[in-house]
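The values are calculated or read from the model by the stated rules, or taken from the named source; none is laboratory data. Just so we're clear, the structure is a prediction, and the values are computed from it rather than from any experiment. Positions of Cβ are generated from backbone atoms using ideal geometry, with glycine treated the same way; all protein chains shown enter the neighbour counts. For accessibility, only protein heavy atoms count, side chains too; no ligands or nucleic acids. Shrake-Rupley method; radii C 1.70, N 1.55, O 1.52, S 1.80 Å.
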Amino acid sequence: MKISLNWLTDYVDVALPAAELGDVFTHMGLNCDGIAQTDSDVVFVLDVTSNRPDWLGHLGVARELSAALGLAFRPPAVVPLTTAGRAAELTSVEVREPALCPRYVARVIRNVTVKPSPAWLVERLAAVGMRSVNNIVDITNFVLMEYSQPLHAFDYDKLHERRIVVRRAAAGEILTAINGDKCELHPDMLVIADASRPVAIAGVMGGLESEVSAVTTNLLLEAAQFDPLTIRRTSRKLQLMSESNYRFERGVDPRGLEAASLRACELILQYAGGELADGSVDVWAKPVDPWPVAIRPARTRAVLGMDVPVDRHMDILARLGLAPRVEGDRILCTVPTSRADLTREIDLIEEVARLHGFDKIPVGGSVTHTVKPELQSVRTRRELGRLMSACGFDETITPAFVDAGENEWFFEDGASIAVAPLVRKTNNVLRATLLGSLLRCAKLNDDAGNGDLSLYEVASVFAGRPGSTLPAEHSELAMLTTRNLRDLRGAIETVVAHLTRESLEIRPEDFRGFAPGGAARLYIAGQQAGAIGVVADDALQFYGLEKPLCAARIDWQAVARGAGQVRIYQPLPKFPAVRRDLSLIVDEAVTWQQFEQTVHAVAQPLRSATEYVTTYRGKPIPDGKKSVTITLTYRSDDATLRGEQVDDQVQQVTTALTENLGAEVRK
């Protein structure tokens, strides 16, 4: 925001050197980014926060400066204007979308003379970076930069039926903006129309057909308030930016419309002549009144750590135009509609601190704070990193957006959540799984010559929910490796065993994005928790990959829920273990899960482990059969086991496998 010193001194008598005044602005909260000296003026470049649209005009800055320096504030006083005719008889305003246009004020001025602006007006606009067009347009721009209230002047005679209709655009309507752009309008856009067609894009830019030109003699002057979000969306969709939409997006003072409109009328009559119709056509759906907010000096003291006297409170709040009055132990303020940022006590405390001086807040000799233990979630994530590193995996951090269609490769439960294509043309869909992001990383590594890799990531994923615009968000742990499926399973088993101490169960099942017959569902503590498998060839081709890859996705909450359990340690065993390999011929359909369940069903306190070794198919194993080799480990805490003790235990397992699975001991 550019502020002219000459313009500023019309409202407040400030005589500080430019550099010192720049420091005052910064202490007020208006960070001074630069000071430019012209032949006859000094221009300050101020960084205005989004919650202070009143600072987007010289009057708002002058009011704040007068409060900070204790100087008198002199806003322009509009003198009574001579009128002819009645505005209500010359035009009408119909607002069909009051939620998008809460207030619309129209005035009519006839018999004006459009001509070049006076030198002072051209100079004022040039100081803030605006070019002169003609006296009418320049006056509306001057009031814009004075009041932070955008105005628009229509050629009254070019409006069909001489009336205004504020409505949504019809699909396919076209409007040529004053900058020459042809804009295709959409029903989610608000337009200012006459009886038959749009004549302006509400809050963004006027139309070329109804603009003020050298032959214009009659004007309809608009002052309005629009819904900020609608204006922002329209501006971005049409890629049109203006000083008007910049202010409408941040909000304008609904009660300031009248003063800004009258100020423009006064200047038009003074520099363009003409006759002002009496009154205005003012459509205000729901008038907004100032609201009360209270502040307690005791609370100010507690928040700031310093005592600000009640008299100082009253002085600061009065200078800000908040009409303070003492009521018991609090000060009740009436907040004007230009200060929409003041809604709570803490907002008023900030105002007091800002103008009293942040530099006056005392610095204590020591700072105390409560020391809290590290969160379990943080410890779990750190331990996961250690485990994955030990398993040979590298962590990735990827964006949450992917291209449309990527979610469909691995996720089929619910629609994707996407942003408008005009906002993001690519990568505009929130990912429903991390696997697509990891495959992209694999492609980048492969292109760089790093073909062998193992990657993992923990991050939020966003699955669409039918019937809802909000996604079902949760955290996911995903893994991708060029190693085999057994290595990937080992990494998952390591994570689950060390972090949760819960059981991990793997059941074969086909999944989208995985090779048929090469995938399985994961269960942790009996609850469904994710999937593991070999990435399907068509998915690899989609990402431009050729080397086989194995992947897994796990609901991170299923892991995190079991984390933090108390670990129980025991002494190292004193006596050696006895291991026996057992090879059994079973039907091809028998799974390892059935093997495990059958072995574990045999109660054997001496058995400490059951491990899978290998599976063999081929001669002399009959067709339809396979040979599965397992290792049974036995150990006693009291003595060294004898061979016959172990033989009896192994025989019990063999019998169970024979009876339940039809297994045959391989000779």
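I'd like the full set of residues that are within 23 Å of residue 357 (Cβ to Cβ), without any contact (Cβ under 8 Å) to a residue 60 or more places away in the chain and either surrounded by fewer than 19 Cβ atoms within 10 Å (Cβ to Cβ) or among the polar types (S, T, N, Q) (or both), limited to region 22-37. Step through it out loud before you land on a result.
Within region 22-37, the first condition is being within 23 Å of residue 357 (Cβ to Cβ), and the residues that meet it are 22-33, 35.
Imposing the further condition that a residue be without any contact (Cβ under 8 Å) to a residue 60 or more places away in the chain reduces the set to 22-26, 30-33, 35.
Listed by number, the residues that qualify are 23, 24, 26, 31, 33, 35.
Is it true that residue 602 is hydrophobic (A, V, I, L, M, F, W, C), over 30 Å from residue 452 (Cα atoms), touching a strand residue (DSSP E or B) at 6+ places or on another chain (Cβ under 6 Å) and in contact (Cβ under 8 Å) with a residue 40 or more places away in the chain?
Working: hydrophobic (A, V, I, L, M, F, W, C): yes; over 30 Å from residue 452 (Cα atoms): yes; touching a strand residue (DSSP E or B) at 6+ places or on another chain (Cβ under 6 Å): no; in contact (Cβ under 8 Å) with a residue 40 or more places away in the chain: yes.
No, not satisfied.
Determine, yes or no, whether residue 431 is open to solvent by less than 40 Å² (accessible area, probe 1.4 Å), without any contact (Cβ under 8 Å) to a residue 40 or more places away in the chain and basic (Lys, Arg).
On the way: open to solvent by less than 40 Å² (accessible area, probe 1.4 Å): yes; without any contact (Cβ under 8 Å) to a residue 40 or more places away in the chain: yes; basic (Lys, Arg): yes.
So residue 431 fits the description; yes.
Just to confirm my filter: which strands (runs of 3 or more DSSP E) fall fully inside region 198-304 and include at least 1 residues that are closer than 26 Å to residue 130 by Cβ and without any contact (Cβ under 8 Å) to a residue 40 or more places away in the chain? Please lay out each step first, then the result.
On the way: elements: 198-201, 219-225, 275-278, 281-284, 291-295.
In region 198-304, the matching strands (runs of 3 or more DSSP E) lie at 198-201.
Yes/no matrix, rows are residues, columns are (1) touching a residue at least 24 places away in the same chain (Cβ under 8 Å); (2) among the acidic types (Asp, Glu); (3) under 30 Å from residue 37 (Cβ atoms):
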position	(1), (2), (3)
132	no, no, yes
136	yes, no, no
160	yes, no, no
172	no, no, no
183	yes, no, no
189	yes, no, no
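Answer with yes or no whether residue 464 is more than 35 Å from the chain's Cα centre (by Cα), touching a residue at least 12 places away in the same chain (Cβ under 8 Å) and open to solvent by less than 70 Å² (accessible area, probe 1.4 Å).
Working: more than 35 Å from the chain's Cα centre (by Cα): no; touching a residue at least 12 places away in the same chain (Cβ under 8 Å): yes; open to solvent by less than 70 Å² (accessible area, probe 1.4 Å): yes.
Spelling it out, it is not the case that residue 464 is more than 35 Å from the chain's Cα centre (by Cα), touching a residue at least 12 places away in the same chain (Cβ under 8 Å) and open to solvent by less than 70 Å² (accessible area, probe 1.4 Å).
Among the residues of region 554-599 satisfying the criterion of being part of a helix (DSSP H, G or I) and open to solvent by 50 Å² or more (accessible area, probe 1.4 Å), which is nearest to residue 533 (Cα to Cα)? Don't jump to the end; show me each part of the working.
Applying the first criterion (part of a helix (DSSP H, G or I)) to region 554-599 yields 556-560, 592-599.
If we keep only those that are open to solvent by 50 Å² or more (accessible area, probe 1.4 Å) too, we end up with 557, 592, 594, 596-597.
Numbers: 557: 21, 592: 16, 594: 20, 596: 20, 597: 22 Å.
Step by step, filter region 554-599, then rank; the result is 592.
Go through region 263-301 and give me each residue that's open to solvent by 70 Å² or more (accessible area, probe 1.4 Å) and farther than 30 Å from residue 216 by Cβ.
Residues of region 263-301 that are open to solvent by 70 Å² or more (accessible area, probe 1.4 Å), as a first pass: 270, 275, 286-287, 289, 292, 296, 299, 301.
Once the filter is applied, which keeps residues that are open to solvent by 70 Å² or more (accessible area, probe 1.4 Å) and farther than 30 Å from residue 216 by Cβ, region 263-301 yields 286, 287, 289, 292, 296, 299, 301.
Tell me, which residue of region 40-92 that is touching an Asp or Glu at 6+ places or on another chain (Cβ under 8 Å) and assigned to a strand (DSSP E or B) is most open to solvent (accessible area, probe 1.4 Å)?
Looking at residues that are touching an Asp or Glu at 6+ places or on another chain (Cβ under 8 Å) and assigned to a strand (DSSP E or B), I get 86.
When you look at residue 443, is it on the phi < 0 side of the Ramachandran plot, modelled with pLDDT of 85 or more and either touching a Gly at 6+ places or on another chain (Cβ under 9 Å) or outside any helix (DSSP H, G or I) (or both), yes or no? Give the derivation first.
Working: on the phi < 0 side of the Ramachandran plot: yes; modelled with pLDDT of 85 or more: yes; either touching a Gly at 6+ places or on another chain (Cβ under 9 Å) or outside any helix (DSSP H, G or I) (or both): yes.
Answer is yes for this residue.
Taking residue 384 as the residue in question, decide whether it is within 29 Å of the chain's Cα centre (by Cα) and either part of a loop (DSSP other than H, G, I, E, B) or on the phi > 0 side of the Ramachandran plot (or both).
Working: within 29 Å of the chain's Cα centre (by Cα): yes; either part of a loop (DSSP other than H, G, I, E, B) or on the phi > 0 side of the Ramachandran plot (or both): no.
Spelling it out, it is not the case that residue 384 is within 29 Å of the chain's Cα centre (by Cα) and either part of a loop (DSSP other than H, G, I, E, B) or on the phi > 0 side of the Ramachandran plot (or both).
Among (1) closer than 25 Å to residue 409 by Cα; (2) in contact (Cβ under 8 Å) with a residue 24 or more places away in the chain; (3) open to solvent by less than 10 Å² (accessible area, probe 1.4 Å), which single condition is residue 531 missing?
(2)
What number of residues within region 169-189 are under 17 Å from residue 420 (Cβ atoms) and part of a strand (DSSP E or B)?
Residues in region 169-189 being under 17 Å from residue 420 (Cβ atoms) and part of a strand (DSSP E or B): 2 in total.
Any residue in region 11-21 that is open to solvent by less than 40 Å² (accessible area, probe 1.4 Å) and closer than 20 Å to residue 248 by Cβ? If you could, list the steps in order and put the result at the bottom.
Going through region 11-21, the residues open to solvent by less than 40 Å² (accessible area, probe 1.4 Å) turn out to be 11-12, 14, 18, 21.
Now narrow it down to the ones that are closer than 20 Å to residue 248 by Cβ: none.
For region 11-21, residues open to solvent by less than 40 Å² (accessible area, probe 1.4 Å) and closer than 20 Å to residue 248 by Cβ: absent.
Out of 455, 477, 488, which single residue is open to solvent by less than 10 Å² (accessible area, probe 1.4 Å), more than 27 Å from the chain's Cα centre (by Cα) and either at pLDDT 95 or above or under 15 Å from residue 530 (Cα atoms) (or both)? Even if it seems obvious, please write down each step before you answer.
Working: 455 fails: open to solvent by less than 10 Å² (accessible area, probe 1.4 Å); 477 fails: more than 27 Å from the chain's Cα centre (by Cα).
The match here is 488.
Do you know which residues across region 276-301 are within 26 Å of residue 100 (Cα to Cα) and of a type in the set (Asp, Glu)?
Start the filter on region 276-301 by keeping residues that are within 26 Å of residue 100 (Cα to Cα), which leaves 279-292.
282, 289, listed by residue number.
Residue check: is residue 317 touching a strand residue (DSSP E or B) at 6+ places or on another chain (Cβ under 7 Å), farther than 30 Å from residue 68 by Cβ and not polar (S, T, N, Q)?
Working: touching a strand residue (DSSP E or B) at 6+ places or on another chain (Cβ under 7 Å): yes; farther than 30 Å from residue 68 by Cβ: no; not polar (S, T, N, Q): yes.
Criteria not met by residue 317.
Just name the residue that is nearest to the chain's Cα centre (by Cα) out of those in region 344-359 that are at pLDDT 90 or above and open to solvent by 80 Å² or more (accessible area, probe 1.4 Å).
344
Taking interchain pairs and intrachain pairs at least six residues apart, which have beta carbon atoms under 7 angstrom, with the first residue in region 571-595 and more than 24 Å from residue 504 (Cα to Cα) and the second open to solvent by 70 Å² or more (accessible area, probe 1.4 Å) and assigned to a loop (DSSP other than H, G, I, E, B)?
Once the first residue is more than 24 Å from residue 504 (Cα to Cα) and sits in region 571-595, its partners that are open to solvent by 70 Å² or more (accessible area, probe 1.4 Å) and assigned to a loop (DSSP other than H, G, I, E, B) give 573/637; 575/640; 576/640; 583/666; 584/666; 585/666.
Output the qualifying pairs, or none if there are none: Cβ atoms under 8 angstrom, residues six or more apart or on different chains, first residue in region 395-411 and surrounded by fewer than 17 Cβ atoms within 10 Å (Cβ to Cβ), second residue charged (D, E, K, R).
395/457; 397/457; 400/431; 408/512
Determine whether region 304-326 contains at least one residue that is under 30 Å from residue 233 (Cβ atoms) and open to solvent by 20 Å² or more (accessible area, probe 1.4 Å). So that I can check it myself, show each step before the final result.
Going residue by residue through region 304-326, those that are under 30 Å from residue 233 (Cβ atoms) are none.
There is no residue in region 304-326 that is under 30 Å from residue 233 (Cβ atoms) and open to solvent by 20 Å² or more (accessible area, probe 1.4 Å).
Residue-by-condition table, conditions (1) open to solvent by 30 Å² or more (accessible area, probe 1.4 Å); (2) in a loop (DSSP other than H, G, I, E, B); (3) touching a strand residue (DSSP E or B) at 6+ places or on another chain (Cβ under 6 Å); (4) farther than 24 Å from residue 215 by Cα:
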site: 104; (1), (2), (3), (4): no, no, yes, yes
site: 115; (1), (2), (3), (4): yes, yes, no, no
site: 126; (1), (2), (3), (4): yes, no, no, yes
site: 141; (1), (2), (3), (4): yes, no, no, no
site: 166; (1), (2), (3), (4): no, no, yes, yes
